[in-house]
1. Which of the aspartates and glutamates could a cross-linker bridge to Lys141, judged by Cα under 19 Å and excluding same-chain residues fewer than eight apart?
2. Roughly speaking, what is the stretch gain from Glu85 to Ser169, that is 0.36 nm per residue apart minus the C-alpha to C-alpha distance, in nm to one decimal?
3. Based on the Kirkwood radius over alpha-carbon pairs, what is the Stokes-Einstein translational diffusion coefficient of the chain at 4 °C with 1.567 mPa s viscosity, in µm²/s?
4. Roll a 1.4 Å probe over the protein chains and send me the accessible area per residue for region 102-154 in Å².
5. Round to a whole number: what % of the accessible area of the chain belongs to carbon and sulfur, probe 1.4 Å?
6. Please give the FRET efficiency for Tyr154 paired with Ser38, using the beta carbon to beta carbon distance and R0 = 30 Å, rounded to the nearest 0.05.
7. Give me the extension gain from Asn69 to Lys103: residue separation times 0.36 nm, minus the current Cα-Cα distance, reported in nm with one decimal.
8. At 1.4 Å probe radius, can you tell me the per residue accessible area of region 199-319 in Å²?
Amino acid sequence: MSVNFTSFDEGDVDGYLDYQSSTRSATLGITLKDHSFSFYAEDRPFKGYLVIITESPPDFVKWRLWLNNFSLTKEFKPNLTYPLEDRRELHFHIFDVTHLIAKGKNELTVNYNGARPLTVRLTNVTMVMKSVGFLTKYSLKGGLLQVRPGEVIYLTSMGKNCIIMKNNSRGRIKLFNGKNSEDILELGPDCEEIDAEGESLKIANHSTDHRAITQLLLHYTYKSQTPILDFDVVPLISGDTLSLKVVNTGDVDIEKVTVNVMINGVTIGFKTIERVSKGGEAQCTLPLPKKKGSLFIRSVGIRAGLRKIVDKELNREAT
């Protein structure tokens, strides 16, 4: 087992951790020049990291990164580089992009004009968000930890984990979470993002092919105290109008509530209610078609990384 793993951030925050990844490989070169990755931010982050993992020949590589139309870098300077088979190298790039992430949709573009192939294996954005009512302790680690067939590794866990792994060919691993539970996973050359819970984690390479080496690239572990997100929806039909009253019964403000209304399984209306304060109420109305049937209302309340779903069902007679 070869180990070259490092922590690039750890600590406590009155908030939560938000990570989003693209594990789809893209090989750039003569035919494909660009690779894009979009992600969403609930708000401006307290901290924001961009991690890109690439494979390429050990020769000079020239690329350019754009985040929200800002040129992040023109030079290919990995933080960590590891030799692979077939005269290729695995590169680990990390950028602090805290001040470049905007609220809402963000877009990263990798531009490469070289002839030699450059494969983008992973694009990951991790944001440390501040939010009232949340408390999170976290540790973010990355690099390359290789596990050969028959080997086992143990990972320190705070309770919740995000693990990103791949295999240099085709292989099998067993993931143990310390609670008499195990998962058998098939891995290939594309990255896999695995969310796992448990007091301790054990990863065993069960591949029969001696060439099937499992590569651990990222390990995020964290524990969070979260507030109670709860609300009720009171529907009222009056003629051809549906009135909805949303009552916040939880510990914190609700950032938004999306309402989807269906009759006999067909959507006939959609509404978004912005911010319902703690202990407060909000109302909205939707028009209804003149037909009878089963009226189903699904409301989704959102606060930071929390989701709460409230379903209501009514039987409406035609008027």
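The values are calculated or read from the model by the stated rules, or taken from the named source; none is laboratory data. Fair warning: this is a prediction, and the values are worked out from it, not measured in the lab. Cβ sites come from the backbone with ideal geometry, for glycine too, and all protein chains shown count toward neighbours. When the accessible area is computed, the model is the full protein with side chains, heavy atoms only, and any ligands, DNA or RNA have been set aside. Shrake-Rupley method; radii C 1.70, N 1.55, O 1.52, S 1.80 Å.
1. Straight-line reach from Lys141, under 19 Å: Asp9, Glu10, Asp12, Asp18, Asp96, Glu192, Glu193, Asp195, Glu197, Glu199.
2. Details: separation 84, 0.36 × 84 = 30.24 nm, distance 1.12 nm.
My answer for the length gained is 29.1 nm.
3. On the way: Rh = 22.4 Å.
It comes out at roughly 58 µm²/s.
4. Numbers: 2030 Å² over 53 residues.
Roughly 38 Å² per residue, with all protein chains present.
5. Working: 7490 of 15820 Å².
So the carbon and sulfur contribution to the accessible surface is 47 percent.
6. Numbers: r = 35 Å, r/R0 = 1.18.
Calculated transfer efficiency: 0.25.
7. Numbers: separation 34, 0.36 × 34 = 12.24 nm, distance 1.49 nm.
In short, 10.8 nm is gained.
8. On the way: 6160 Å² over 121 residues.
For region 199-319, the solvent-accessible area averages 51 Å² per residue.
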